[in-house]
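> Following this message is one structure expressed as structure tokens.
The values are calculated or read from the model by the stated rules, or taken from the named source; none is laboratory data. These figures come from a predicted structure and were not determined experimentally. So basically every Cβ, Gly included, is an ideal-geometry build from the backbone, and we count neighbours across all protein chains shown. Remember, those area values only see protein heavy atoms, side chains included, never the ligands or the DNA or RNA. Shrake-Rupley method; radii C 1.70, N 1.55, O 1.52, S 1.80 Å.
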Amino acid sequence: MNKTVLTGIKPTGVAHIGNYFGAIRPAIELANATEGPSYLFLADYHSLTTVKDGASLCEYVKDVACTWLACGLDVKRSIFYRQSDVPGIFELAIILANYTAKGLLNRAHAYKSIVQDAIDRGVDPDHNVNVGLFYYPVLQAADILAFDVDLVPVGQDQKQHIEICADIAKSFNAIHGNVLRVPDVIIKKDVATLPGLDGRKMSKSYGNQIPLFCSESELKKYIKKIVTDSSLPTDPKSTDCLIFQIYKLFATESEVETMANRFKQGIGWGTVKEELFLVANRMISPMREKYEYYINNFEEVEKVLIEGAKKARQVSQKTLERVRKVIGAST
């Protein structure tokens, strides 16, 4: 596939296994499958809508960068950079704001959700709404349009933002000609809704996640906390349950088939959890080792991000030159 692909990651906390299967692995597989340029960036300025502590944001960025490299991101195929290291993105965002209807942003799901929540609680609709949150889709559009992106893989919940990006690009092009490339969206299979330890969606906000790179002993403790029913070890069990769903993600096809048969025959939950730990740790252990290496040798990661930002600035500068010329900002 000879297409330009872009993925952004907002660093807001430590990755869990839902992040890996729902976002990290699919993005890396897509980057490896495309023959065109692949961009993957750490959206640190997007995080400012919620993260206000500088030390925390710095650690989140560090963690996310090490996580993606540990999970197999090939920086020879993908341009990996920090959003904040490419100033052209923010200049483009300011320009695009002048071509974006306020009504378009009023309809953004994230903004509407916070406003509705405030209304439901009987407080000012703008309570807890900062300009960065309202402006978020415009900055996201600049993230994409700066690099002449063809495809943007997102979950269903982010689909509207890419549609807003396309609307902004079309509004600009309607006035100035075919200057900005209008991107297409790829809807990813929403594995990110993998249930957590308590059966609800795996989420940091619920505290029910299994951290991707916790230690072996911690991984075993987390797995033991997975909610199961009170059936006896000799009772047949349905594979339509949380623990089997997680097991399938880590196990081979033959292992899944064998485990499904053991479920039909009857198996103790303790045994299932032990088997889940073995297959999960088998997959995670090599990545965990790489993650710990990168965390302890972050200067190597920093070099990768600096080199990626250099390449990203070169591409975004060409886009800016086209944009500046048609708006009259350069001769």
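> Restricting attention to segment 250-264, and to residues there that are part of a helix (DSSP H, G or I) and of a type in the set (Val, Ile, Thr), which single residue is surrounded by the most Cβ atoms within 10 Å (Cβ to Cβ)?
Only one residue fits best here, namely Val256.
> Test Glu91 against the criterion of being of a type outside the set (A, V, I, L, M), open to solvent by 10 Å² or more (accessible area, probe 1.4 Å), touching a residue at least 24 places away in the same chain (Cβ under 8 Å) and more than 19 Å from Gly155 (Cβ to Cβ), and give yes or no.
So Glu91 passes the test.
> Still on this model: What is the number of the single condition among (1) in contact (Cβ under 8 Å) with a residue 60 or more places away in the chain; (2) among the acidic types (Asp, Glu); (3) open to solvent by 30 Å² or more (accessible area, probe 1.4 Å) that Asp143 does not meet?
(3)
> Quick test for you: out of Lys76, Lys102, pick the one residue that is without any contact (Cβ under 8 Å) to a residue 40 or more places away in the chain and closer than 21 Å to Thr4 by Cα.
Checking each option against the conditions leaves just Lys76.
> Would you mind finding the one in Tyr39, Tyr99 that is buried (at least 16 other Cβ atoms within 10 Å of the Cβ) and either small (Gly, Ala, Ser) or closer than 30 Å to Glu299 by Cβ (or both)?
Just one listed residue meets the conditions, Tyr39.
> Within segment 306-329, identify whether any single residue is surrounded by fewer than 13 Cβ atoms within 10 Å (Cβ to Cβ) and within 22 Å of the chain's Cα centre (by Cα), and answer yes or no.
Yes: one or more hits.
> Right, something else. Scan segment 8-31 residue by residue and report those that are part of a helix (DSSP H, G or I), without any contact (Cβ under 8 Å) to a residue 60 or more places away in the chain and not acidic (Asp, Glu).
Ile24, Arg25, Ile28, Ala31, listed by residue number.
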